[in-house]
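Enquirer: Structure incoming, see below.
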Amino acid sequence: MPYKAIKEIGEFRLIGKISEIAEPTLEAVPDLINGIGDDCAVYKVSDTLLQVATTDILVDQIHFDLLTTPIKHLGSKAISVNVSDICAMNALPRYALISLAIPPSFTVEMIEELYRGMQHAALHYGIAIAGGDTSSSRSGLVISVSMVGEVHPDRVTLRKGAEPGDLVCVTGALGGAAAGLRLLMREKEIMLEHIENNEPYNRNVMADLQEYREAIKRQLLPLARLETVRFLEAQGVRPSAMIDISDGLSSDLQHICSQSGTGALIHENRIPIHAETRLIADELQQDALTWALTGGEDYELLFTIPKNCSGLIEHSRDISIIGEITEAEAGISITDIYGMTIDLTAIKGFDHFQT
Ligand SMILES: [Mg+2]
């Protein structure tokens with residue numbers, strides 16, 4: 001049988017194949033409540049406590065580019081993206097383990113700066129960096145962060161659990177991280193052009209991009225929505241399903257629907273998009289809605305709640321109700337501002353092996 005390139009099947013089918021082989025057996029770990037296929041694994045510690053665990057890898061030239069990313073920000077982002085996965089389980093983060101593969105050209109000061117960013121974020125979220133491992137790397141920098149969190153069994157929220165009639169909610173605004181990335185990529189091109197033409201390059205990238213500070217910040221320094229987890233608890237609302245938006249609204253809503261066995265209908269005019277994101281899209285002749293749907297890396301929370309909870313979340317300016325969960329047969333769609341209904345599954349999010 002001929003070998004198959006990973007890009008032929010894509011990231012999500014690869015994860016499917018991995019879980020067929022590595023599916024945990026209940027005999028080996030009777031307390032494992034949820035294995036591969038959610039934002040975190042879930043493990044029962046006691047009748048009143050569950051532990052959740054996640055791991056995320058950041059690779060040079062795949063997830064970041066040190067030409068446009070201050071290394072301290074990168075450290076902070078590595079912590080935030082893991083906290084975001086813990087939040088997606090409606091859980092609170094506790095501690096992190098950090099593994100690094102470091103190229104020989106790196107200095108001690110660079111790694112110290114990376115860790116200063118990590119520690120800054122850890123203090124912000126109230127977690128501890130509790131250990132890790134280091135190795136040398138023959139290619140670029142690789143950062144792998146694993147994180148453990150805690151949640152009461154009555155609060156834990158999986159991707160499955162959405163029911164027809166539930167409301168689809170999203171925190172914050174979308175598309176900003178994609179807009180910020182495009183601006184940084186444009187700046188990098190200008191920088192490389194200067195180098196190629198042997199011209200001096202002395203623009204201060206960050207100062208030059210002041211105008212679009214928010215979008216750049218969304219890309220370089222995303223913040224996990226820990227306060228939303230606390231807000232939902234204070235309001236007595238437990239979402240029926242939840243995921244964090246790392247691949248893009250379209251793709252992540254599809255994850256909730258496929259695991260819950262439902263469809264969904266969302267509305268373009270209710271999707272929160274930052275004004276600055278729209279300005280950048282106009283300037284770069286791109287479409288802000290496409291960034292919001294497929295850009296990814298916004299690290300906002302996407303969740304569903306029973307209809308009768310809508311009053312409880314109306315107090316939050318940070319949460320928008322963008323649509324409703326439907327029966328599976330109705331598919332997953334979006335209505336545009338003219339009232340036309342479009343199949344959302346045709347709009348793809350980020351796949352690491354198919355770009
Ligand atoms: Mg996630």
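Enquirer: With runs of 4+ DSSP H residues as the only contributors, calculate the mean residue ellipticity of the chain at 222 nm using -39,500 (n - 2.57) per run, divided by the residue total and rounded to the nearest 500. Each step should come with its number before you reach the end.
Expert: Values: 11 runs with 127 residues, N = 355.
Only helices count here, giving -11000 deg cm²/dmol.
Enquirer: Please work out how much accessible surface residue 33 shows to a 1.4 Å probe, ignoring ligands, DNA and RNA, in Å² rounded to 10.
Expert: Residue 33 has an accessible surface of roughly 90 Å² with all protein chains in place.
Enquirer: My understanding is that a pair violates if its Cα-Cα distance is over 21 Å; which of 72/217; 188/217; 160/217 do that in this structure?
Expert: Details: 72/217 13 Å; 188/217 16 Å; 160/217 32 Å.
Going by Cα-Cα distance, 160/217 fall outside the 21 Å limit.
Enquirer: Please state the charge dipole magnitude for the chain, taken about the Cα centre, from unit charges on C-beta atoms (+1 on K and R, -1 on D and E), reported in debye and rounded to the nearest 20. Let's see the in-between values first.
Expert: Values: 28 positive and 50 negative charges, 91 e Å.
Its charge dipole is roughly 440 debye.
Enquirer: Report, by chain and number, residues whose modeled amide H sits under 5 Å from the one on residue 158, excluding near sequence neighbours (fewer than 5 apart, same chain).
Expert: Close amide H contacts, sequence-distant or interchain: 242.
Enquirer: Then there is this: Taking the Cα centre of the stretch 6-151 as the origin and placing charges on Cβ (Lys, Arg +1; Asp, Glu -1), which of 68, 18, 28 is farthest toward the positive end of the dipole?
Expert: Of 68, 18, 28, it is 68.
Enquirer: From the convex hull of the Cα coordinates of the chain, what is the mean projected area in square nanometres? The partial results should precede the final answer.
Expert: Numbers: hull surface 85.2 nm².
Value for the chain: 21.3 nm².
Enquirer: From the protein chains alone at 1.4 Å, what is the descending order of accessible area for 79, 190, 71, 57, largest first?
Expert: Numbers: 79 0, 190 50, 71 25, 57 85 Å².
If we order 79, 190, 71, 57 from most to least accessible, we get 57, 190, 71, 79.
Enquirer: Using θ = phi - 60° and the Karplus curve 6.51 cos²θ - 1.76 cosθ + 1.60, what whole-Hz ³J(HN,Hα) does each residue of the stretch 298-308 get, with Gly and Pro shown as x?
Expert: 6, 6, 8, 9, 10, 8, 10, 9, x, 4, 6
Enquirer: Next question, about the same structure. Provide 13, 225 ordered by accessible surface of protein heavy atoms (probe 1.4 Å), highest first. Intermediate results must be reported in sequence, preceding the final value.
Expert: Values: 13 145, 225 30 Å².
In descending accessible area the options line up as 13, 225.
Enquirer: Give me the 1.4 Å probe accessible area per residue for the stretch 165-255, excluding ligands and nucleic acids, in Å².
Expert: 43
Enquirer: Right, another one. Just how large is the dipole of the stretch 210-309 about the Cα centre, in debye to the nearest 20, putting +1 at every Lys and Arg Cβ and -1 at every Asp and Glu Cβ? Can you show the working numbers first?
Expert: Details: 9 positive and 15 negative charges, 96 e Å.
For this selection, approximately 460 debye.
Enquirer: Right, another one. Under a Cβ-only charge scheme (Lys and Arg +1, Asp and Glu -1), can you give me the dipole magnitude of the stretch 6-151 about the Cα centre, in debye to the nearest 20?
Expert: Values: 9 positive and 18 negative charges, 63 e Å.
Value, rounded to 20: 300 debye.
Enquirer: Continuing with the same structure: Considering amide H positions built from the backbone, and no H for Pro or chain starts, which residues 5 or more places from residue 64, or on another chain, come under 5 Å of its amide H?
Expert: The answer is 59.
Enquirer: When the accessible area of the chain is computed with all protein chains present and a 1.4 Å probe, what percentage of it is carbon and sulfur? Show your work: numbers first, answer last.
Expert: Working: 9450 of 17960 Å².
The nonpolar share, carbon plus sulfur, comes to 53 percent.
Enquirer: Loop by DSSP (not H, G, I, E, B), at most 11 other beta-carbon atoms within 10 Å: where is the longest site-free stretch of the chain for GluC sites (Glu not before Pro)? If you can, show how the numbers build up before the last one.
Expert: Values: sites that count: 27, 314.
Between the exposed loop sites, the longest stretch runs 28-313.
Enquirer: A further question follows. Heavy-atom accessible area per residue, the stretch 59-133, 1.4 Å probe: how many Å²? Working shown, then result.
Expert: Values: 3210 Å² over 75 residues.
On a per-residue basis, the stretch 59-133 sits at 43 Å².
Enquirer: Express in Å², to the nearest 10, the accessible area of residue 4 obtained by rolling a 1.4 Å probe over the protein heavy atoms while all chains stay in place.
Expert: Counting only protein heavy atoms, the figure is 130 Å².
Enquirer: In sequence order, what are the phi-derived ³J(HN,Hα) couplings for the stretch 178-192 according to the Karplus relation 6.51 cos²θ - 1.76 cosθ + 1.60 with θ = phi - 60°, rounded to whole Hz, with x for glycine and proline?
Expert: 5, 4, x, 4, 4, 5, 5, 5, 5, 5, 5, 4, 4, 4, 5
Enquirer: Tell me which of 274, 147, 132 sits at the most positive position along the dipole axis of the chain, charges placed on C-beta atoms (Lys, Arg +1; Asp, Glu -1).
Expert: Value: 132.
Enquirer: Take the chain, mark every one of the chymotrypsin sites (Phe, Trp or Tyr not before Pro) that falls in a DSSP loop and has at most 13 other Cβ within 10 Å, then report the longest stretch left between them, sites excluded.
Expert: On the way: sites that count: 3, 201, 338.
Longest stretch, sites excluded: 4-200.
Enquirer: Keeping all protein chains in position, work out how much accessible area residue 279 exposes to a 1.4 Å probe, and write it in Å² to the nearest 10.
Expert: Its accessible surface works out to 100 Å², give or take rounding.
Enquirer: Among 111, 48, 97, pick out the residue whose Cα is farthest towards the positive end of the charge dipole of the stretch 32-138, where Lys and Arg carry +1 and Asp and Glu carry -1 on C-beta, about the Cα centre.
Expert: 48
Enquirer: How far is the Cα center of the stretch 249-296 from the Cα center of the stretch 22-87, in Å?
Expert: 24
The values are calculated or read from the model by the stated rules, or taken from the named source; none is laboratory data. Note that the structure is a prediction, hence the values are computed from the model and not measured. Cβ atoms come from the backbone with ideal geometry, glycine included; neighbour counts cover every protein chain shown. Quick note on the areas: whole protein, heavy atoms, side chains included, nothing else; ligands and nucleic acids left out. Shrake-Rupley method; radii C 1.70, N 1.55, O 1.52, S 1.80 Å.
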